[in-house]
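Readers should treat all values here as calculations from the given coordinates under stated rules, not as data from a laboratory. All of these numbers come straight from a predicted model, not from anything done at the bench. We place every Cβ from the backbone using ideal geometry, glycine too, and count neighbours over all the protein chains shown.
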Amino acid sequence: ALEDSTEVLIKARPGNVFDNGNDSVVFILDQGQSWVSTMADDDELLGTRVTASKPIAVTAGGNHLKNSSGNPGDGGIDQVTPVEHLGLKHVVLRGRSTYPQDYFMYIATEDNTNITVDGVSVLTNGSKGTSGTYSLPGNANPGKPYVVESNLPIYVFQVTTGVANGSPEQGMAQLPHIDCTGSTFIRYSRASGLTTSALVTIPSNAVANLNYNGAPITANTGITVQQSTYDPSWSGVYIGSNVLSNNFTLDCITPFHLGILAGQGSSTGLYGYISGFDDDFKLLDPFTALPVNDVPLGNLCATPIPLYFRYLSCVDSINVISASLIQGPGTVIDSNANDTILHVIMDPAYSGTARVKVVVEDGRGYSDSIFYDFEYYGTSYEPILLDTGVVCNTQPIVLAAENNGSTTGVHFLWSNGDTTSTTTAYNPGWMWVTVDLDDCQFTDSIYLESGSLYEAPYGDTAYCDSLFVDFSSPLVTQIYWITLDTTASELWLDSTGIYPYVATDINGCESEDTLDFRLIPEPYIDEGFGCPNYTLTAIGYTAFIAMELGDITYSIPQIDTLFPFAGSHNLTLIALDSCNNLDTITRVLEVDCLDNMLMYVPTAFSPNGDGINDSYCISSSLPTRTTYSIFDKWGNELFSGRADECWDPSALGQEVFTSTLSMRTFTRLPSNELHIDEFTIHVLP
């Protein structure tokens, strides 16, 4: 616990119990205190739900049971990230184990979860807490990528080993999802005496920019790169133990993930990811794209001086909340607080050190700051004469920097990396150039507007049902949907997703954009902490109408109820969804944490054909778990069925005379204990 008075609830998946025999526990922790719950190997920890009233840290793991020797391997363990850091897409890189010892486990966090591996379904309509195991086929092929996709956030844990033999010890690691996570620089020192290798998950188009110990990995023949055959946009990089240096670095302008594999014969198995699982907002150097606190600009002579930055965030909206010149005379101008360029207007008569501080916040409220330092020398040199231009990827523009009359000692650096006096631009946005005249640097920028005539009719869209969209326009000749592989301008969207497309206007100019569509889920009933003291709460509605529990109707959206015995109860929510449609959601609430039950058993009936009490029926709060059998006085079985079935002798062609019968009931309680009762039934005339 990180704070005092933290209430924690641990609830196992149905059918599993902890070593104390219970499937759930509630307790209070103060700051620094911890709690341990354990299970036997034949129970399944996967899918256990942990909730707390205040922030906590959770570490979980267990023995590996897929060891080819038949004995459990090392106990894999990892700190579990909270559900808000989960995602929809993971890339699993094959380790050094052979089938079936190289595998991963998945856990659904929401109902109706679908999961595929390289496009092949492994879970359909899984409920919250559903888990499973997928063994990577074939022999060891370190670094081979497998793409795991889901429609809702999931956990993925991989088990593998750092050595290849018939009975390896294994390690386990939670895999980070690949949406806006990762690191751009990692420094690591490997442990001595262990066979240690590295697995790098990286976008395929960034492999060429990935450096190992400062040199491109593509120049190292001992490093293997494998591209996913299912999703070629992702690749796996394997750096074997014979190549991996004792102290090494990895860097790339594109975030990547690094997993470390280590092993020593059959005695040690280690596996873990050391790259960033978080999605914190970071300001980046405008040229190296690495996180920095300070950007040294050298000698500058012109005013206004443009200040650029890049950023890493899970959202594409930012806001510059403050910008100030904290050393030197002048003013900071920010004409658009939502873009990545500002300008400093220095006093032309000033020469000396200048320092600017900029504070930026992204759309989620995360903030970061960056400083710019430079020596200022006044001048009127302007490298780019134009302030704006028009560009299209099929109709590029050539930009030229003025050299201020100098013929020697002039060096150019454009924002796209070109080092000549001219460059070709293909995409809209800011372009800038730095001209170095040895004693001073000059920087200028130009904003390139999109030359496309097409304006998208939709941006980010959310709807509670399928949605018809029409992207047709007299100014466009073709809309090509990349992932859908169609040129249709009219679509029905019925699933959450990001749909990229390319629009070609009547002038042949292509523009790329995406349509983000989110399907709003229907209203549902949240169970709160759950069995047996439920707080049933209606969620996700625009207008609440009623909630029904059994035969009782409630006009309030929250019900606190305590069930005294195990049983099944019909639960219904009637409400208007986000589209004002009337929804009736019905489900069965299984109270399965108690071992007592309620049963009604009649002591007599009269099967005389008069239509009154001709059938014999019992009632149980656990109807699907209860059966009963009826015997005559000689012990012959007359009837056997479930608690929700009645015995009608006439319908079965049986003739029962006035007598006394015996009956036994059999109930399999939630604890799996078999409960048996005996009763006497009187047959009346």
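Overview of results
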{"quantity": "Gyration tensor (alpha-carbon) shape descriptor, the stretch 57-267, a/c threshold 1.5", "calculated": "oblate"}
{"quantity": "Modelled label reach - residue 111, point 7 Å along Cα→Cβ, the stretch 543-576 residues with backbone N closer than 12 Å", "calculated": "571-573"}
{"quantity": "Which label in (1) 151; (2) 220; (3) 235 gives the computed volume of the Cα convex hull per residue in Å³", "calculated": "(3)"}
{"quantity": "Computed lengthening from residue 659 to residue 331, 0.36 nm per intervening residue step minus Cα-Cα distance", "calculated": "107.5 nm"}
{"quantity": "Segment residue 30-residue 124, length gained on full extension (0.36 nm per residue, minus Cα span)", "calculated": "29.8 nm"}
{"quantity": "Computed FRET value (nearest 0.05) for residue 359 with residue 458, which takes r as the C-beta separation and R₀ as 35 Å", "calculated": "0.60"}
{"quantity": "Projected label distance in nm at residue 483 and residue 206, using a 7 Å step from Cα toward the beta-carbon", "calculated": "1.8"}
{"quantity": "Listed peptides 52-62, 296-306 by packing density, highest first (mean Cβ within 10 Å)", "calculated": "296-306, 52-62"}
{"quantity": "Label point at residue 617 placed 7 Å out along Cα→Cβ; residues across the stretch 532-557 whose backbone nitrogen lies under 19 Å", "calculated": "550-552"}
{"quantity": "In Hz, Karplus ³J(HN,Hα) per residue of the stretch 526-533 (6.51, -1.76, 1.60; θ = phi - 60°; x = Gly, Pro)", "calculated": "8, 8, x, 6, x, 3, x, 9"}
{"quantity": "Unsatisfied cross-links (Cα-Cα over 25 Å) in the set 11/144; 144/282; 11/54; 54/357", "calculated": "11/144; 144/282; 54/357"}
{"quantity": "Burial order of peptide ranges 93-102, 146-155 (average beta-carbon count within 10 Å, highest first)", "calculated": "93-102, 146-155"}
{"quantity": "Cβ-derived FRET efficiency at R0 41 Å, residue 44 paired with residue 466, nearest 0.05", "calculated": "0.65"}
{"quantity": "FRET efficiency for residue 604 and residue 651, using Cβ-Cβ distance with R0 set to 22 Å, rounded to 0.05", "calculated": "0.70"}
{"quantity": "Relative packing of 194-205, 244-255, which averages over residues the other C-beta atoms within 10 Å, highest first", "calculated": "194-205, 244-255"}
{"quantity": "Residue 363 long-range amide H proximity, modeled H, under 5 Å", "calculated": "317"}
{"quantity": "Packing-based exposure ordering (other Cβ within 10 Å, fewest first) of 492, 481", "calculated": "492, 481"}
{"quantity": "Ranked list, fewest to most other Cβ atoms within 10 Å of each Cβ, for 551, 577, 470", "calculated": "551, 470, 577"}
{"quantity": "Residue exposure sequence - 343, 411 - by fewest surrounding Cβ within 10 Å", "calculated": "411, 343"}
{"quantity": "Global geometry of the stretch 282-444, whether rounded, prolate or oblate, following the gyration tensor of its Cα atoms and the 1.5 cut on a/c", "calculated": "oblate"}
